[in-house]
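Q: Provided herewith is a single structure, encoded as structure tokens, for subsequent inquiry.
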Amino acid sequence: MTRYLVQAVPWRLTIAATGIIVGLMTLVARWPAVMWPLQGTALGLIAGITAWASDEPAAQVVDTLPRPLWWRIAARAAVVPLVLGTWIACLLVARSRLPDHFWFFVLQAAGMAGLALAVTTWRRGRGVAEPGRAFAAIVVPTATALALARPFTQQLPVFPVWPSEDWHTSRTVWAAVTTGSCVILAAALIRSLRKA
Amino acid sequence: MTTTATTARTGSALGQLTAMELRRYATHPLFIIGVLLTVATTVGRPDQPSSGFFNAIVPAAGLGILGLVAMAAQTRKAATLNRAAGVTPVPERVQTAALALTALLPFTVGLLWVAWAMWAQHHWPVPDNGFPFGPAGDGWTFAALLGEGAFSALGGPLLGIVVGRYLPQRGTAPIVAVLLVAVAIVFQGIFEPLRSVRVIMPFTYWGGPIGVEGDDMRMLLLSGSPGWWAAYLGCLCGLAVVAALWHDPSARTPALRLVGGALFVAAVVTCLLAMFTGVEHTLVNPLPSGA
């Protein structure tokens, strides 16, 4: 599995994007009130990194080999602990300068990574070779635009920052995203196991 | 006669390609999300202390940033289709020109947003302690909104064509978008040492509740000339088209070189004028934010 992992994951892109997350969170930690949109942008990158790692450019060949889809998904999902670990490290280092909602921020990252993993696994199971590229092209800029524009902050705070914002609703939304992603991922993996 | 026939054919190919690319762009999920976000800002009364001014970030992000990634994907797809076709039916430069004309669609949406923002400014005037204030008249307001709301909507997709042509690798366009946002936030005018040079960025603010000692929401009006800044952004958009066309070796004619050179010189001059003319230094609204 390690050999497959080393060769299959786009490491240069993964490391570059992870480095950008660290840079963005450094700016957020330095000037939280001004730079907060970069927190949502970094969360978009977490989904992007997970999605890019799910692509199988040689799917036409690889899908005919004995290794089942779930095995390859499990190997490629190794980027998730890497990127979540980086995120948590950023949060811990900057903890004193960020709003006191550590576990909420962890939930946001888990939701983003889970969503990317669920969508790309589902589409890989349907025979799409590179679902990550298309998904990342949507989720990264959309997260960035939502973080900048902050529409409907009263009704649906996606990336809350101020104490007056509705953190409870936001927590519910992110918990629903994470749970829904886990359900979709489980369904896709069970489907893959049955096929195998 | 042959030249006339070839020109007519190229013209007709450009028209057909533009129509096709426009249809593809209009139905791209990122464009639809951007339009919905932009339209959402026009529903109801805007932020009271600045009317629609602070909403300019929405078309810039929704049509510009999303447009960058959408257009890069569309450019890459067009190049892939051309490669798959083997002998290309039209030169790359015609395809690039069609994509550049397609960018007029988000620009039009941006212009409509600017028209709404100008109307909102008159319909719901900002209070005396709001923004803009003092020397910022209608012309100043229009130029700033044009640059922030409309030229961002044009420049993002045009930059997307450049990225799609030169850097078609996986993940490049979203990462360019993220880096652009990070740099633009640093240059938005919050940090005093960067205020005069902030106009080099394709998006920046011209004031707002930046605050002073003792009143952290006090409205400031930042230095520079938004009119020249809008002209500078127009030059940047032109340079993006030239750079995208340059990717096709057959398009590298002396005329294109001349246009590129002229636009570069104009961009430098207008940027310097945006920096050193207009409002001389940061102005503080004489009325406190809570008044």
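Coordinate-derived values only; no laboratory data. On a predicted model such as this, the values are computed, not experimentally measured, just so you know. Every residue, glycine as well, gets a Cβ built from its backbone with ideal geometry; the counts of neighbours run over all protein chains shown.
Q: What angle do you read, to the nearest 10 degrees and between 0 and 90, between the alpha-carbon axis of helix A:167-195 and the longest principal axis of chain A?
A: Tilt relative to chain A: about 0 degrees.
Q: Separate question: Roughly how many nanometres apart are two label points built 7 Å out from the Cα toward the Cβ at B:LEU287 and A:GLU165?
A: Taking the two extended label points, one gets 2.9 nm.
Q: Another question, if that's okay. With a Förster radius of 30 Å, plug the Cβ-Cβ distance of B:THR108 and B:ASP138 into 1/(1 + (r/R0)^6) and report the FRET value to the nearest 0.05.
A: Between B:THR108 and B:ASP138 the formula returns 0.85.
Q: Quick check: residue separation of B:VAL265 and B:ARG23 times 0.36 nm, minus the Cα distance between them. What number comes out in nm?
A: Working it through step by step, the gained length comes to 83.6 nm.
Q: What is the distance in Å between the Cα centres of the range B:216-291 and the range B:22-65?
A: Rounded to whole Å, the Cα centres lie 22 Å apart.
Q: Check each of the trypsin sites (Lys or Arg not before Pro) in the range A:103-196 and keep only those in coil by DSSP with at most 11 other C-beta atoms within 10 angstrom; list them in order.
A: Loop-located and lightly packed - A:ARG126.
Q: In nm, what is the difference between 0.36 nm times the number of residues separating A:THR2 and A:ALA78 and their Cα-Cα distance?
A: Difference between extended and current length: 26.4 nm.
Q: Let me ask something else. Taking beta carbons within 10 Å but only from partner chains, what does the mean come to for residues A:37-50?
A: Counting other chains' Cβ atoms within 10 Å and averaging over A:37-50 gives 2.
Q: Give me the distance between the Cα centres of the range A:91-164 and the range A:67-90, rounded to whole Å.
A: Using only Cα atoms, the two centres lie 16 Å from each other.
Q: Taking the mean number of other Cβ atoms within 10 Å as a proxy for protection, how do you rank B:93-102, B:126-135 from highest to lowest?
A: B:93-102, B:126-135
Q: I need the helices of chain B that pass two filters: whole DSSP H segments spanning 18 Å or more by Cα along the axis, and mean Kyte-Doolittle score no lower than 0.0. Mind dumping the intermediate values first?
A: Values: long enough: B:2-26 (35 Å, -0.24); B:29-41 (19 Å, 2.31); B:66-85 (29 Å, 0.42); B:104-123 (28 Å, 0.92); B:152-166 (21 Å, 1.09); B:172-186 (21 Å, 2.83); B:226-246 (30 Å, 1.47); B:254-276 (33 Å, 2.05).
Flagged H segments are B:29-41, B:66-85, B:104-123, B:152-166, B:172-186, B:226-246, B:254-276.
Q: Can you tell me the equivalent ellipsoid semi-axes for the range B:49-196? Use √(5λ) from the Cα gyration tensor, largest first, whole Å.
A: Numbers: eigenvalues 257, 60, 21 Å².
So the equivalent ellipsoid measures 36, 17, 10 Å along its semi-axes.
Q: Where does the range A:78-185 land on the Kirkwood hydrodynamic radius, alpha-carbon pairs, in angstrom?
A: 15.1 Å
Q: Could I have the simple spin-label model distance between A:ILE190 and B:ALA40, label points 7 Å from Cα toward Cβ, reported in nm to one decimal?
A: For A:ILE190 paired with B:ALA40, the spin-label model returns 3.3 nm.
Q: Zone of B:MET217 (label point 7 Å along Cα→Cβ, backbone N under 15 Å): which residues in the range A:139-171?
A: The answer is A:162-165.
Q: Is there a simple number for the mean count of other chain Cβ atoms within 10 Å of the Cβ of residues in B:178-185, and what is it? Could you put the intermediate results ahead of the total?
A: On the way: counts 15, 4, 1, 9, 10, 0, 1, 10.
Per residue, the number of nearby Cβ atoms from other chains is 6 on average.
Q: Follow-up. What's the FRET efficiency of B:ALA255 with B:ILE32 using the Cβ-Cβ distance as r and R₀ = 51 Å, to the nearest 0.05?
A: Efficiency, from the Cβ-Cβ distance: 0.85.
Q: So for each of B:252-262, A:18-28 I average, over its residues, the number of other beta carbons within 10 Å; can you give me the resulting order with the highest mean first?
A: A:18-28, B:252-262
Q: When only Cα pairs under 8 Å and 6 or more residues apart are kept, what is the percent relative contact order across chain B?
A: 21 percent
Q: Sticking to Cα atoms, compute the Rg of the protein assembly as shown to one decimal and its Dmax as the biggest Cα-Cα distance, whole number, in Å.
A: Spelled out, the Cα radius of gyration and Dmax of the protein assembly as shown are 23.8, 75 Å.
Q: For chain A, what value does the Rg/Rh ratio take when both radii are computed over Cα atoms and Rh is the Kirkwood radius, given to two decimals? Before the final figure, lay out the partial values.
A: Working: Rg = 17.1 Å, Rh = 17.2 Å.
Rg/Rh for chain A comes to 0.99.
Q: A further question follows. For chain A, take the longest principal axis of its alpha carbons; what is the angle in degrees between that and the long axis of helix A:37-53, to the nearest 10 within 0 to 90?
A: Computed tilt is about 10 degrees.
Q: Work out, step by step, the length gained on full extension between B:PHE276 and B:GLN16: first 0.36 nm times the residue separation, then minus their alpha carbon distance; give nm to one decimal.
A: The span from B:PHE276 to B:GLN16 would gain 89.2 nm if fully extended.
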